[in-house]
Amino acid sequence: MRIARFSIDGNVAFGAVEGDKPDELVLDIIKGIPFADFELSGTRVPLSKVRLLPPVLPNKVVAFGRNYAEHARELGNEVPDAPFAFFKPSTSVIGPGDAIQYPSFSEELHHEAELAVVIGRMCREVPRDRVADVILGYTCANDVTARDVQKREKQWARAKGFDTSCPLGPWVETDLDLATASDLTVQLTVNGEQRQLGRTSEMIHSIEDLIVNISEAMTLLPGDVILTGTPAGVGPLAVGDEVAVTIEGIGTLTNKVVKRG
């Protein structure tokens, strides 16, 4: 099931995305929330009539850096022996079609296409054989980074945590199992030109590794998001660029870069 979060006529709801052709997609409005038992209402709304929102509002976004060897090397970094985590605040999250605001304190903004894991229930110290039980589904993410700030400040809070630096969407795909999610094509285009192309099977640390690692330290809540790292090919974004992350079996997340007002 593809679960989207959307607004229509001032109301916000979740819905199941139905259909195959982009111009014929409809939303069956969900009674309740996707983190508990819910029913489909049978009330259908054309996707074209709604505004898609970030598919979840995470309490926290836990991101893992340098989880693809070629990406680590392209930036001159060593490949870490253990998962390397950082945070993006909830205020960094935007949805499909929302604008990425070029931060005024940076002159080198980069894109980073990533598979995002959405947590489905409260959990802590998750055993490896129970990881699948705590996952609601998967979505696309762009870990937008002020690269010059990251290099200059060493700490990543401002470089990766600024407002609009975490586009998510277009929806959460719940029908992917762990094995499938662990070998998906991840690609990114800027103005239609391919910049990144990789597979989740190239991750150094698996989805299971990442969730076991972070849940040893902290409780994960329903709707929390885990960013799993980016393949090689990261590069600059400019005001006016349209950037699109496409992940096999999930969909495409598109955002435009604008000057911060």
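Overview of results
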| item | result |
| --- | --- |
| Answer from Val186, Val190 - the residue that is closer than 23 Å to Pro55 by Cα and over 15 Å from the mean Cα position of the chain (by Cα) | Val190 |
| Among residues of the stretch 23-33, those that are surrounded by 15 or more Cβ atoms within 10 Å (Cβ to Cβ) and either touching a residue at least 24 places away in the same chain (Cβ under 8 Å) or within 17 Å of Ile250 (Cβ to Cβ) (or both), counted | 3 |
| Subset of the stretch 247-261 (residues that are closer than 18 Å to Glu202 by Cα and either open to solvent by 40 Å² or more (accessible area, probe 1.4 Å) or in contact with a Pro (Cβ under 7 Å, 6 or more places away or on another chain) (or both)) | Glu248, Gly249 |
| Yes/no for Arg121 being at pLDDT 90 or above, open to solvent by 20 Å² or more (accessible area, probe 1.4 Å), closer than 23 Å to Pro170 by Cα and in contact with a Pro (Cβ under 6 Å, 6 or more places away or on another chain) | yes |
| Conditions (1) free of Cβ contacts under 8 Å to residues at least 40 places away in the same chain; (2) open to solvent by 70 Å² or more (accessible area, probe 1.4 Å); (3) assigned to a helix (DSSP H, G or I): number failed by Arg158 | (1) |
| Criterion: open to solvent by less than 60 Å² (accessible area, probe 1.4 Å), out of contact with any strand residue (DSSP E or B) (no Cβ under 7 Å at 6 or more places or on another chain), small (Gly, Ala, Ser) and touching a residue at least 60 places away in the same chain (Cβ under 8 Å) - qualifying residue of Ala63, Ala69, Ala36 | Ala69 |
| Subset of the stretch 199-242 [of a type in the set (A, V, I, L, M), in a strand (DSSP E or B) and touching a Ser or Thr at 6+ places or on another chain (Cβ under 7 Å)] | Met203 |
| Failed criterion for Pro55 (all others in (1) under 17 Å from the mean Cα position of the chain (by Cα); (2) closer than 21 Å to Ile211 by Cα; (3) modelled with pLDDT of 95 or more; (4) open to solvent by 30 Å² or more (accessible area, probe 1.4 Å) hold) | (4) |
| Only one of Leu168, Leu178, Leu197 that is in contact with a Gly (Cβ under 7 Å, 6 or more places away or on another chain) and open to solvent by 10 Å² or more (accessible area, probe 1.4 Å) | Leu197 |
| Residues located in the stretch 124-134, provided they are open to solvent by 30 Å² or more (accessible area, probe 1.4 Å) and either not in a helix (DSSP H, G or I) or not basic (Lys, Arg) (or both) | Arg124, Glu125, Pro127, Asp129, Ala132, Asp133 |
| Which numbered condition Pro80 fails, given (1) open to solvent by 70 Å² or more (accessible area, probe 1.4 Å); (2) in a loop (DSSP other than H, G, I, E, B); (3) within 20 Å of Lys160 (Cα to Cα) | (1) |
| Considering residues of the stretch 161-200 that are touching a residue at least 24 places away in the same chain (Cβ under 8 Å) and among the charged types (D, E, K, R) only, the residue farthest from Ala4 (Cα to Cα) | Arg195 |
| Residue satisfying condition, being over 22 Å from Tyr68 (Cα atoms) and open to solvent by 30 Å² or more (accessible area, probe 1.4 Å), within set Glu173, Glu108, Glu153 | Glu153 |
| Residue within the stretch 9-22 that is in contact with a strand residue (DSSP E or B) (Cβ under 9 Å, 6 or more places away or on another chain), exposed (fewer than 15 other Cβ atoms within 10 Å of the Cβ), in contact (Cβ under 8 Å) with a residue 40 or more places away in the chain and not aromatic (Phe, Trp, Tyr) present | yes |
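The values are calculated or read from the model by the stated rules, or taken from the named source; none is laboratory data. The structure presented is a predicted model; accordingly, all values stated were derived computationally and were not measured. With ideal geometry, Cβ positions are generated from the backbone for all residues, glycine too; neighbour counts draw on all protein chains shown. Side chains included, ligands, DNA and RNA excluded: accessible areas come from the protein's heavy atoms. Shrake-Rupley method; radii C 1.70, N 1.55, O 1.52, S 1.80 Å.
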